[in-house]
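Enquirer: I am attaching a structure below and will ask some questions about it afterwards.
The values are calculated or read from the model by the stated rules, or taken from the named source; none is laboratory data. Everything quoted here is computed from the prediction, not taken from an experiment. As a convention, Cβ positions derive from the backbone with ideal geometry for all residues, glycine included, and neighbour counts pool all protein chains shown.
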Amino acid sequence: MQPRVKPSFDLRGFLDRVGLPGTPLEFATGQVVFRQGEPAKALFYIQKGGVKLSVLSGHGKEAVIAILTMDTFFGEGCLAGQRVRMATAKAIGPSAMLRIDRKEMVRVLHDEHAFSDFFIRHMLMRNIRIEADLVDQLFNSSEKRLARALLLVAHYGNQGEPKTDIPKISQETLAEMIGTTRARVSFFMNRFRKLGFISYNGGLQVHSSLLGIVLHE
């Protein structure tokens with residue numbers, strides 16, 4: 001007798017059925033969702049588009065720590081007692097988000113056990129990705145780091161089909177993400193396009209063949 005496979009949580013179905021109590025907001029490209037140092041009183045769910053999370057050092061140096069796309073939560077530190085934002089969040093394209101007050105999110109997590117289980121997995125996967133990002137930054141070439149960043153934005157390796165509606169990300173942002181120059185990003189992007197790993201057809205499309213760059217030793 002084969003083991004019973006537990007079905008994955010249907011987030012969209014949950015939202016349609018129960019909904020999350022929050023305020024729908026629209027953001028233009030580059031618009032600030034919240035700034036580093038501001039009070040942390042709510043978290044956000046990305047319904048369309050995406051955000052760039054960055055940290056500013058005391059010396060004025062900015063570092064991009066994550067690019068998050070549709071169906072992702074962020075700002076969740078407020079649930080663990082974080083009083084101020086540790087990073088700045090900016091929209092990387094025309095974006096729609098749901099702002100959820102901390103108290104309301106705590107109530108939903110308490111009342112909806114299936115959603116609570118999903119949210120915990122969501123956060124654990126985020127931590128695993130942060131660890132992988134650190135290893136990537138320390139040991140991989142800039143070409144491989146760029147390939148991995150593009151695949152992550154396109155959701156390769158996640159459940160479901162890779163996304164085709166990839167938010168527009170500037171080469172400057174990609175350079176900040178992987179710790180190199182815009183010129184190097186431009187060089188590699190042109191190389192990827194010539195090799196058929198990516199294409200431009202009304203937007204950036206990332207093909208599975210780009211995995212070869214990441215897997216190649």
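Enquirer: For segment 66-95, which residues satisfy the criterion of being more than 19 Å from Asp133 (Cβ to Cβ) and either of a type in the set (D, E, K, R) or in contact with a His (Cβ under 6 Å, 6 or more places away or on another chain) (or both)? Please lay out each step first, then the result.
Expert: First, the residues of segment 66-95 that are more than 19 Å from Asp133 (Cβ to Cβ): 70-71, 78-85, 91, 93-95.
Passing the criteria: Asp71, Arg83, Arg85.
Enquirer: Any idea which residue in segment 124-165 is nearest to Asp71 (Cα to Cα), counting only those that are at pLDDT 75 or above and polar (S, T, N, Q)?
Expert: Within segment 124-165, the match that is nearest to Asp71 (Cα to Cα) is Asn127.
Enquirer: Further question on the same structure: For segment 50-165, which helices (runs of 4 or more DSSP H) that fit wholly inside it have 3 or more residues that are more than 18 Å from Gly179 (Cα to Cα)? I'd like the intermediate steps shown before the answer.
Expert: Details: elements: 102-111, 113-139, 142-153.
Ranges flagged: 102-111, 113-139.
Enquirer: OK, next. Quick one: what pairs do we get from segment 16-36, first residue closer than 13 Å to Ala89 by Cα, second modelled with pLDDT under 95 and of a type in the set (Ser, Thr, Tyr), C-beta under 7 Å, 6+ apart or different chains?
Expert: Phe27/Ser95
Enquirer: Still on this model: Which residue is nearest to Lys90 (Cα to Cα), if the candidates are limited to segment 51-63 and must be surrounded by fewer than 21 Cβ atoms within 10 Å (Cβ to Cβ) and in contact (Cβ under 8 Å) with a residue 60 or more places away in the chain?
Expert: Ser54
Enquirer: Another question about this same structure. Pairs please, first residue from segment 88-109 and free of Cβ contacts under 8 Å to residues at least 60 places away in the same chain, second anywhere and outside any strand (DSSP E or B), Cβ atoms under 6 Å, 6+ apart in sequence or on different chains.
Expert: Thr88/Arg35; Thr88/Gln36; Leu109/Ser116
Okay, residues lined up against (1) on the phi > 0 side of the Ramachandran plot; (2) loosely packed, with under 13 Cβ neighbours inside 10 Å:
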| site | (1), (2) |
| --- | --- |
| Ile67 | no, no |
| Gly75 | yes, no |
| Arg102 | no, no |
| Arg107 | no, yes |
| Phe119 | no, no |
| Ile130 | no, yes |
| Asp133 | no, no |
| Arg145 | no, no |
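Enquirer: Looking at segment 21-36, can you tell me whether even one residue there is modelled with pLDDT under 85 and in contact with a helix residue (DSSP H, G or I) (Cβ under 9 Å, 6 or more places away or on another chain)?
Expert: Within segment 21-36, one or more residues are modelled with pLDDT under 85 and in contact with a helix residue (DSSP H, G or I) (Cβ under 9 Å, 6 or more places away or on another chain).
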